[in-house]
Amino acid sequence: MSGEPVIRVEGIERVYSTGRTAVKALRGVDLRIEPGEMVAVMGASGSGKSTLMNILGCLDRPTAGAYWLDGVRVDTLDRDQLADLRNKKLGFVFQSFNLLSRTSAAENVELPLLYAHGEHAADPRGAARAALARVGLGGREDAKPNELSGGQQQRVAIARALVTKPALMLADEPTGNLDTHTSVDVMSLFQELNDTGVTMLIVTHEPDIAQYAKRIVEMRDGVIRRDEPVRARRIAREDLSNLRDPVGAVI
């Protein structure tokens, strides 16, 4: 791949002070993510993957090192600049969906556009409907979260992450609250979106979920211990067909 990477971090460190003790959560991390990649970040609790995710998501800032997001130097920005960049460049998908329970699917998807000043600001409802159609929820725009299955709620959350056309989608344990079939269904959607050019970084502790990515970055003790392409990558659409019986019913 050529051109500017979506993510470039060099020598990132993050130190937390607890009284007289300094805890190094990240110890000089270097990472590049190119446009169109689908990267899974793995690691046990305390490995540094969540700290890295927070820094890449502009939710925290490094103690040392440099970070560029889609060509913009991030680590020197103040809080307001970080918030503006986060809204323009990033889309977030979380384990718990984080949907507003009393508002419709379309209204949930519109939320990031309340802070946007780009092409979608003039017609947020139209942009929300288009994003919902893109994730297979056309016709469910008026449904409340409690009227949707867990997989459908996660699709609403994915549509919300896509609606601003971000440079990068960050997904933090996106299948953590879903059953096996629904998890594979969500990963099938991620692969479809990635095939259209959406760049993705997925944090997961599940090795089978990581196998749907194109590349795995494994962290341990605040450093990257492994960074390699996925061998024998799983195709979620094919796995979905294997989860159904011959007449098409979900097993």
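What follows is calculated from the coordinates using simple rules that are stated; it is not laboratory data. Model, not experiment: these values are computed from the prediction. So basically every Cβ, Gly included, is an ideal-geometry build from the backbone, and we count neighbours across all protein chains shown.
A few points about this structure:
- Here the 3J(HN,Hα) profile of segment 39-53, calculated from phi with Karplus coefficients 6.51, -1.76 and 1.60 at θ = phi - 60°, is 10, 9, 9, 10, x, 6, 4, x, 6, x, 5, 5, 4, 4, 4 Hz, Gly and Pro shown as x.
- Distance violations [Cα-Cα > 26 Å] among K49/K214; K24/K214; K24/K88: K24/K214; K24/K88
- Placing +1 on each Lys and Arg Cβ and -1 on each Asp and Glu Cβ, with no other charges, gives segment 158-251 a dipole about its Cα centre of roughly 320 debye.
- Shape analysis of segment 90-237 places it in the prolate category; the axes a ≥ b ≥ c from the Cα gyration tensor give an a/c of at least 1.5, with a/b above b/c.
- Dipole in debye (nearest 20) - the chain, about Cα centre, beta carbon charges: Lys, Arg +1; Asp, Glu -1: 380 debye
- From phi via Karplus (6.51, -1.76, 1.60), per-residue ³J(HN,Hα) for segment 17-22 in Hz, x at Gly/Pro: 9, 10, x, 8, 9, 10
- Neighbour counting of Cβ atoms within 10 Å sorts the residues R234, R226, fewest neighbours leading, into R226, R234.
- Global geometry of segment 152-251, whether rounded, prolate or oblate, following the gyration tensor of its Cα atoms and the 1.5 cut on a/c: oblate
- Beta bridges per DSSP, both residues in segment 137-244: antiparallel share near 60 percent.
- Positive-end residue, segment 1-76 charge dipole about Cα centroid, Cβ charges, pick of G19, V41, G57: G19
- Point-charge dipole on Cβ atoms (K/R +1, D/E -1) for segment 8-74, about Cα centre, debye to 20: 340 debye
- The alpha-carbon of K165 sits under 14 angstrom from the alpha-carbons of these aspartates and glutamates, leaving out residues fewer than 8 places away in its chain: D70, E110, E119.
- Loop-resident sites, segment 1-86, for trypsin sites (Lys or Arg not before Pro), counting at most 14 other Cβ within 10 Å (DSSP): R20
- Dipole of the chain computed with +1 at Lys/Arg Cβ and -1 at Asp/Glu Cβ about the Cα centre; of I216, L114, L193, farthest Cα towards the positive end is I216.
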